[in-house]
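Chemist: Structure below; questions to follow.
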Amino acid sequence: MSELSLTTASGDLLRYRQLLLSLTWRDIRIRYKQSALGIGWAILLPLSMMLIFTFVFTRAIDASKVMDVAMPYALYAYLGLVPWTFFSQALGSAVNSLVANRNLVTKVYFPREVFPLACIGSSFVDFCVATSVLVVLIGYYHVRGIYAFTPHATLLFLPIVMLVQVTMMIGIGLILSMANLFYRDVRQLFTVTIQLLMFVSGVVVPLPQDGSLLARVVGLNPIVPVIGAYRDCVIHGRLPEVGGFVYACVFAAFVLLFGWICFRKAAYRFAECI
Amino acid sequence: MNSDSVVQFDRVWKQFTIGETHDSIASLLASSVARIFHPNKKVQSKRKTFWALQDASFAIPRGEALGIIGPNGSGKSTALKILAGILRPNRGHVRVVGRLAALIEVGAGFHGDLTGKENIFLNGAILGMSRAEIRKKLDEIIAFAGIERFIDMPVKRYSSGMYARLGFSIAAHVDPDVLLVDEVLSVGDAVFRLRCIERMKELIEQGVTLVFVTHNLDQMQSICKNAIVLDGGQAVFSGSARDAVGEYLQAMSRSYTNHTTDVSQQKTLENAPVKLLGLHFLNERGEKLVWCRADQPVRVRLRLECSARIDQAVVELNMRANLSNNLVSINSGRSCIPIQLERGTQTVILHIASLPVCGGQYFWNARVWNQNTGATELDTSFRYPLVIDDAGQATGLLCIDHRWLNQKPNDSQTVEGLEVRHLVDDLEHREEVHAS
């Protein structure tokens, strides 16, 4: 069937890129409308999370013995939290994106992919804003002489890391939004899962490296190499470990392809099943 | 099928599921267990289905307008949604050439928190316009909607009329090759509705192909040259708009035949002393009617059952078009006809010489009250339909008795024509006198 082919689908999407931009812009606009802090929340959310975890792991309990992060913990946490907030926030809104736009899904035709894509797009803007704080944070540590920062050439590798993350997110977002349209349970399950996932993705706590069964299971999580890659490129000045990163790339490509094909196959039923 | 057609709808079937389309975990488990144990037995689905469209076909050449009319649930909106690509047919083929814009619900993509202007950009993009295009037409869109003063206000504070006007205005400026419009002109005031119709005619002149779904037969006839009638998911008629209206009215009357006088439809007052056993429309020969000609006499027969005698009763009949405002209210009190209702069953008949209204479906109700006490004894809802056919003589509300006279210059043969001219002369003369 020609409607199912992904080349037609990408042609469709290309024609509707204007709409994708408009919806992305709408999502950003609405999120910060009637809010005094506005886009400031994009900084405040990961920042406050970082402060909470820094307090918990350095003041409330001294975990420095078990957690060897080789940099100030606040920096470690923030470098994990920024990509993680992007990941969880984008998917959190993508999961409900089709259902929330029921009016459009049942009344107007355009490629339905734009809904989860717009969620990822608007969260990406937040991600970029939150990144600016990172510069301030690194500068602070550098000036205070706590942690000397030297910019590495590996910073140039960051766009590839982001690309892998976004690819992965698009695939997952397509699957989640579609699944939630048919079964609203998905949204509830997602809320629980994303909480758990945060602690096994190396966001605020380093993962066990002792070769135990737990460590091996957790190591299968494809998000781990992506989060780690940000720290590798920004702080350590080294490229991410090849095996893990290639695994994440392959996973991202697979989930995008699988998600998109499923989405396309089910799209014609959206309007009647929503 | 004509290959020049811009829109082709070829033998389309569409099935829907009634009720829940999702299985709960419990029923999912049960059915999968059943499938494991009886792999060959087809598990019977509890879901009920119905066909919203059955083998419906039509085609529209470039630059023409096609009206789709039919009773509720006949598949009109389904057909439009299939054309728009929102739904996929189970069988059959649909082809639309060129850029398509569907106005299935006015302002479907509006977001309450965004201002009017922001919504124009968003909705324009939803309807397939580029940003540059929208910017170019922005002033025109705002002016057409007539909301210049409120354009920077969030649309959540708009009145429903403003909301609808803005929604239509955006869609009217999309410049599509094919425009689908579904029953959206019922909004806004009369002036705006007229402007919408003008705009649609303009678009047709510019070569836009239009598919117009509506219940408003006048609007449909004024815009579309051709129309199809859908009934029960089938295209029962295809032809000129005027013939389609006649066919539609008859289809309507057929579908109402079975429950015209259903007693359960009456709005019962608590312990009402008068019960309406039946309300029938009859012709002069006393045969029951469900549709009649506008220029022919009709009798309305009420069969009443009274639990007590009412010395001076007033019987009233009201007629409405489209369940909106009353068109006419006739009661025996105004006519100073005393009606005495005895205990038991009896019949009251209203004779109407003609019903000079435009073709369409009209709804009736009956009321009875006691003139001495003022107490309402019976008050039914407007559930008694009568289809009136005016043979396409007029559009609007009234079908006044009329004829045309055409007098050529220096032709004094037509006596009636002369009279008209004399009258005009006379009027002009009188105005001159006033002026001087």
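Chemist: Return the FRET efficiency for the residue pair B:R293, B:R242: r is the Cβ-Cβ distance, R0 is 22 Å, and the value is rounded to the nearest 0.05.
Modeler: Once rounded, the FRET efficiency stands at 0.90.
Chemist: Sticking with this one: Connecting C-alpha atoms closer than 10 Å in a GNM of chain A, tell me which of A:S132, A:S88, A:S123 has the biggest fluctuation.
Modeler: Residue with maximal mean-square fluctuation among A:S132, A:S88, A:S123: A:S132.
Chemist: Is region A:91-199 best put as rounded, prolate or oblate by its Cα gyration tensor, with a ≥ b ≥ c the root eigenvalues, rounded for a/c under 1.5, and otherwise prolate when a/b is larger than b/c, oblate when not?
Modeler: It comes out prolate by the Cα gyration axes.
Chemist: Suppose R0 equals 45 Å; then what is the FRET efficiency for A:V143 and A:Q34 from their Cβ-Cβ distance, rounded to the nearest 0.05?
Modeler: Taking R0 as 45 Å, the efficiency between A:V143 and A:Q34 is 0.75.
Chemist: Work out from phi, with θ = phi - 60° and the Karplus expression 6.51 cos²θ - 1.76 cosθ + 1.60, the ³J(HN,Hα) of each residue of region B:96-102, listed in order in whole Hz, and give x for Gly and Pro.
Modeler: Result, ordered by residue: 10, 9, x, 6, 10, 10, 10 Hz.
Chemist: Here is a further query. Mind giving me the nanometre distance, one decimal, between the label points for A:Y268 and A:A100, set 7 Å out from Cα along Cα→Cβ?
Modeler: 2.9
Chemist: Collect residues whose amide H, placed 1.01 Å from N in the peptide plane, falls under 5 Å from the amide H of A:E241; neighbours closer than 5 in sequence don't count.
Modeler: none
Chemist: Quick one, can you get me the convex hull of the C-alpha atoms of region B:132-174 expressed as volume per residue in Å³?
Modeler: 67
Chemist: Enumerate the amide H contacts of B:C358 below 5 Å, restricted to partners 5 or more residues apart or on another chain; note that Pro and chain-start residues carry no placed amide H.
Modeler: The list, which skips near neighbours in sequence, is B:L398, B:C399.
Chemist: Can you give the FRET efficiency for B:A26 and A:I61, using 1/(1 + (r/R0)^6), R0 = 45 Å, r = Cβ-Cβ distance, to the nearest 0.05?
Modeler: Efficiency, rounded to the nearest 0.05: 0.50.
Chemist: For the protein assembly as shown, what proportion of DSSP beta bridges, expressed in % and rounded to the nearest 5, is antiparallel?
Modeler: 75
Chemist: Still on this structure, I have one more. With a 10 Å radius around each residue's Cβ, average the other Cβ atoms per peptide and rank B:98-110, B:150-162, highest first.
Modeler: Final packing ranking: B:98-110, B:150-162.
Chemist: Taking beta carbons within 10 Å but only from partner chains, what does the mean come to for residues B:82-90?
Modeler: Across the residues of B:82-90, the mean count of other-chain Cβ atoms within 10 Å is 4.
Chemist: Okay, next question. Please give the charge dipole size of region B:130-207, origin at the Cα centre, charges +1 on K and R Cβ atoms and -1 on D and E Cβ atoms. Round to the nearest 20 debye.
Modeler: Around 360 debye, computed over region B:130-207.
Chemist: Using the Karplus equation 6.51 cos²θ - 1.76 cosθ + 1.60 (θ = phi - 60°), what ³J(HN,Hα) coupling, rounded to whole Hz, does each residue of region B:229-246 give in order, writing x for Gly and Pro?
Modeler: Those phi angles translate into 10, 9, 8, x, x, 10, 7, 7, 8, 8, x, 5, 4, 5, 5, 5, 4, x Hz.
Chemist: Among A:I235, A:I227, A:I30, which one shows the highest mean-square fluctuation when chain A is modelled as a Gaussian network with alpha-carbon springs under 10 Å?
Modeler: A:I30
Chemist: Which whole number gives the average count of other chain Cβ atoms within 10 Å of the Cβ atoms across peptide A:17-28?
Modeler: 5
Chemist: Would you kindly state how much longer the chain becomes between B:D311 and B:D189 on full extension, computed as 0.36 nm times their sequence separation minus their alpha carbon distance, in nm to one decimal?
Modeler: 39.3 nm
Chemist: Can you flag which of B:K48/B:K275; A:K107/B:K14; A:K107/B:K137 are past 27 Å Cα-Cα?
Modeler: Where the Cα-Cα span goes over 27 Å, the pairs concerned are B:K48/B:K275.
Chemist: Let me make sure I get this right: for region A:1-87, a, b and c are the square roots of the gyration tensor eigenvalues over alpha carbons, sorted descending. Under 1.5 in a/c it's rounded, otherwise prolate if a/b > b/c, else oblate. Which is it?
Modeler: Note, shape of region A:1-87 comes out oblate.
Chemist: Assign unit charges at the C-beta atoms only (+1 for Lys and Arg, -1 for Asp and Glu), then state the dipole size of region B:279-330 relative to its Cα centre in Debye, rounded to the nearest 20.
Modeler: 140
Chemist: List, in order, the whole-Hz ³J(HN,Hα) value for each residue of region A:76-86 obtained from phi through the Karplus relation with A = 6.51, B = -1.76, C = 1.60 and θ = phi - 60°; use x for Gly and Pro.
Modeler: With the stated coefficients, region A:76-86 comes to 4, 5, 5, 5, x, 6, 5, x, 5, 4, 4 Hz.
Chemist: Let me ask you something else. Need one value for B:115-125: mean number of C-beta atoms belonging to other chains within 10 Å of its residues' C-beta atoms.
Modeler: The shielding value for this peptide is 3.
Chemist: State the extension gain, in nm to one decimal, for the chain segment bounded by B:A391 and B:T49, taking 0.36 nm per residue of separation less the distance between their alpha-carbons.
Modeler: 119.3 nm
Chemist: Something else: If one takes the longest principal axis of the Cα atoms in chain A, at what angle in degrees, from 0 to 90 and to the nearest 10, does the Cα axis of helix A:158-182 lie?
Modeler: 50
Chemist: Quick one: Debye curve from the C-alpha atoms of chain A, no solvent, what's log10 I(q)/I(0) at q = 0.07, 0.15 Å⁻¹?
Modeler: Taking Cα atoms of chain A as identical point scatterers yields -0.28, -1.18.
Chemist: Follow-up question, since we're still on this one. Once the convex hull of the alpha carbons of the protein assembly as shown is built, what does its volume come to per residue, in cubic angstrom?
Modeler: Dividing the Cα hull volume of the protein assembly as shown by its residues yields 301 Å³.
Chemist: If you don't mind, another one. Using a Gaussian network model on chain A with a 10 Å cutoff between Cα atoms, which of A:T154, A:T85, A:T58 fluctuates the most?
Modeler: A:T58
Chemist: Test of understanding: ordering B:Y163, B:Y248 by Cβ neighbours within 10 Å, fewest first, what list do you get?
Modeler: Ordered by Cβ neighbours within 10 Å, fewest first: B:Y163, B:Y248.
Chemist: Pull up all non-local amide H partners of B:A65: gap of 5 or more, or a different chain, and H-to-H distance under 5 Å with H placed in the peptide plane.
Modeler: For B:A65, whose amide H was placed from the backbone, the distant partners under 5 Å are B:L210, B:K225, B:N226.
Chemist: Here's a follow-up. Give the separation of the Cα centroids, region B:353-372 to region B:81-113, in Å.
Modeler: About 40 Å separates the Cα centre of region B:353-372 from the one of region B:81-113.
Chemist: Compute the separation of the alpha-carbon centres of region A:175-217 and region A:5-19 and state it in Å as a whole number.
Modeler: Result: 31 Å between the Cα centres.
Chemist: Let's see if you can work this out: charge +1 on each Lys and Arg Cβ, -1 on each Asp and Glu Cβ, no other charges. What is the dipole magnitude of the protein assembly as shown about its Cα centre, in debye to the nearest 20?
Modeler: That gives a dipole near 2360 debye.
Since every read-out is calculated from the coordinates, none of them should be taken as a lab result. If you're wondering where the values come from, they're calculated on a predicted model, not measured in any experiment. Heads up, the Cβs are rebuilt from the backbone with ideal geometry, glycines too, and the neighbour counts pull from every protein chain shown.
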